Amino acid sequence: MSAYVAGVGMTPFTRGGAGYPAMVAAAVRDALDDAGIGYDAVQRAAVGYVLQPSAAGQRALYDVGLTGIPVVNVTNNCASGSTALMVARDWVLGGVADVVLAVGFEQMTREDLAGRPSGVSTIDAHLAALPASPSLPLTVWFFAQAAEEHMRRYGTTPADLARVAVKNHGHAVHNPRARYRRGFRLDEVLADTVVAGPLTRTQCSPICDGAAAAVVVSDRRARAVEIAAQRMVTDTADAFDGGSAIAVVGAPMTRRATAGVLADAGVGIGDVDVIELHDCFSINELLSYEAMGLCAEGSGAELVRSGATTYGGRWVVNPSGGLIAKGHPLGATGLAQCAELVWQLRGEAGERQVPGARLGLAHNLGLGGACVVTLFRKGP
């Protein structure tokens, strides 16, 4: 048995727009219309979010319809959306249901990102030990530490980090749903306001609101895209034993999840055409290149300098603009990646279309930790 994405929907990623029930309703209705399926045919729903209260999935979907279906709320930090997709896929593969919804959404404020360590988890203990500025969210500070470690170990420069932002902001110019649609020159990114360490504002994913949804079905139908393979992994001891910030921010999880997905599908990273990866900060795109096997460890900067990850290169990475430019409403991100790749594989991405795309890979990371990697395959 296989699982297919029959339809997707996504709101524009903005600030201060409609409340989350309205955003979810808009994304879900677009996904249902795209699939040609009525809400009364949906048998279950998995809803991912991070910052809203318990049972927010019910509150959001009740505005779509009161059909009495099971609604499972999923929270897995920034990987919540792709975890909801994984739950939906598992229901279909397990024969539990034939038509299900995966939904992700978020409303965000600056206060939401200013959390301090809980003192409970292993990663919180690492974060608490950092000499962090009290004015910075700890995730920002920790990715800045990872950037400085990469620079020390491999000679990566601030300009190399900035090139990721130049690329992704340039891609977002053609994405009508992106939070920012302005291109930036390298000197503008480097001269922008410093957030932490070598990371400037245009290298960091912005606070925003948004929702995305996918209709997952058991039957191959016209325009459906197959979820060819999917893995979720969590941290192992190697993330924390060596004292590496690069490891703590998820590189080992990314490596294991990607290798597993490619092995499950019987393909190599060179067979993939288009990638949506978790560039919450510019450094994480470089780290993900290396962990996903696009290049050798320490060579991420060289890869982005070569042009291999944009149009005309070996892969197109983050044609949507990625988290840096498209935006990162935490719970929506994984399903926004799904929507982008479905549009790409169906040839419906407009000016940002990757020519001839047949395989798309999504990488969604949540610290604390969870990493979900999904391979999408174009239908015949």
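The values are calculated or read from the model by the stated rules, or taken from the named source; none is laboratory data. Here the structure is a predicted model, which means the values were calculated and not measured. So basically every Cβ, Gly included, is an ideal-geometry build from the backbone, and we count neighbours across all protein chains shown. Surface accessibility is based on the protein's heavy atoms, side chains included, excluding ligands, DNA and RNA. Shrake-Rupley method; radii C 1.70, N 1.55, O 1.52, S 1.80 Å.
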Task: Failed item, numbered, when Ala55 is tested on (1) without any contact (Cβ under 8 Å) to a residue 40 or more places away in the chain; (2) aliphatic (A, V, I, L, M); (3) closer than 30 Å to Leu136 by Cβ - done: (3)
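Condition first: in a helix (DSSP H, G or I) and either of a type in the set (Ser, Thr, Tyr) or open to solvent by 20 Å² or more (accessible area, probe 1.4 Å) (or both). Now tell me which residues in region 331-360 satisfy that. It would help to see each step written out before you state the result.
The first filter runs over region 331-360 and keeps only residues in a helix (DSSP H, G or I), leaving 331-345, 350-352.
Listed by number, the residues that qualify are Thr333, Trp343, Gly350, Glu351.
Restricting region 158-200 to residues that are polar (S, T, N, Q) and crowded, with 16+ Cβ neighbours inside 10 Å, which is nearest to the chain's Cα centre (by Cα)? Can you show your working first?
Taking region 158-200 and keeping what is polar (S, T, N, Q), we get 168, 175, 193, 200.
Keeping just the survivors that are crowded, with 16+ Cβ neighbours inside 10 Å gives 168, 175, 200.
Working: Asn168: 14, Asn175: 16, Thr200: 21 Å.
Across region 158-200, the extreme among qualifying residues is Asn168.
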Open item on the list: With the structure loaded, tell me whether Glu290 is more than 20 Å from the chain's Cα centre (by Cα) and either open to solvent by less than 10 Å² (accessible area, probe 1.4 Å) or more than 30 Å from Val100 (Cα to Cα) (or both) or whether it fails that test.
Closed with: no
- [ ] Sort out which residues of region 78-88 are open to solvent by 20 Å² or more (accessible area, probe 1.4 Å) and closer than 18 Å to Glu276 by Cα, and write them in order of number.
- [x] Cys78, Met86
- [ ] Identify all residues within region 243-302 that are modelled with pLDDT of 95 or more and among the hydroxyl-bearing types (Ser, Thr, Tyr); write none if there are none.
- [x] Thr254, Thr258, Ser282, Ser288, Tyr289, Ser299
Open item on the list: So Val304 passes all but one of these: (1) over 26 Å from Met86 (Cβ atoms); (2) buried (at least 24 other Cβ atoms within 10 Å of the Cβ); (3) out of contact with any helix residue (DSSP H, G or I) (no Cβ under 6 Å at 6 or more places or on another chain). Which condition number does it fail?
Closed with: (3)
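Listed residues Val274, Val261; which is of a type in the set (Val, Ile, Thr), touching a Pro at 6+ places or on another chain (Cβ under 7 Å) and open to solvent by less than 30 Å² (accessible area, probe 1.4 Å)?
Values: Val261 fails: touching a Pro at 6+ places or on another chain (Cβ under 7 Å).
Checking each option against the conditions leaves just Val274.
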TODO: Taking Arg223 as meeting all but one of (1) in contact with a Lys or Arg (Cβ under 7 Å, 6 or more places away or on another chain); (2) over 18 Å from Ser320 (Cβ atoms); (3) surrounded by 24 or more Cβ atoms within 10 Å (Cβ to Cβ), write down the number of the exception.
DONE: (3)
Task: Leading residue by the ranking (most open to solvent (accessible area, probe 1.4 Å)) among those in region 137-157 that are aromatic (Phe, Trp, Tyr) and at pLDDT below 95 - done: Trp141
TODO: Residues being among the acidic types (Asp, Glu) and either open to solvent by 60 Å² or more (accessible area, probe 1.4 Å) or over 20 Å from Asn76 (Cα atoms) (or both): count how many of those fall in region 232-247.
DONE: 2
Open item on the list: I'd like to check something: does region 23-42 contain any residue that is out of contact with any strand residue (DSSP E or B) (no Cβ under 7 Å at 6 or more places or on another chain), closer than 26 Å to Ser205 by Cα and modelled with pLDDT under 95?
Closed with: no
Open item on the list: Exactly one of these conditions fails for Ile207: (1) more than 24 Å from Met23 (Cα to Cα); (2) of a type in the set (Val, Ile, Thr); (3) surrounded by fewer than 24 Cβ atoms within 10 Å (Cβ to Cβ). Give me its number.
Closed with: (1)
TODO: Output the number of the condition that Ala325 fails; it satisfies all remaining conditions of (1) out of contact with any strand residue (DSSP E or B) (no Cβ under 9 Å at 6 or more places or on another chain); (2) surrounded by fewer than 24 Cβ atoms within 10 Å (Cβ to Cβ).
DONE: (2)
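So, Val120, is that one aliphatic (A, V, I, L, M), at pLDDT 65 or above and either open to solvent by 50 Å² or more (accessible area, probe 1.4 Å) or within 22 Å of the chain's Cα centre (by Cα) (or both) or not?
Working: aliphatic (A, V, I, L, M): yes; at pLDDT 65 or above: no; either open to solvent by 50 Å² or more (accessible area, probe 1.4 Å) or within 22 Å of the chain's Cα centre (by Cα) (or both): yes.
No; evaluated as a whole, the condition is false for this residue.
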Task: Per-region count, region 246-269, residues out of contact with any Leu (no Cβ under 9 Å at 6 or more places or on another chain) and more than 21 Å from Asp90 (Cα to Cα) - done: 3
TODO: With the checklist (1) free of Cβ contacts under 8 Å to residues at least 12 places away in the same chain; (2) open to solvent by 50 Å² or more (accessible area, probe 1.4 Å) in hand, flag the one item Gly38 doesn't pass.
DONE: (2)
- [ ] Scan (1) under 24 Å from Ala257 (Cα atoms); (2) not in a strand (DSSP E or B) for the single condition Asn73 breaks and write down its number.
- [x] (2)
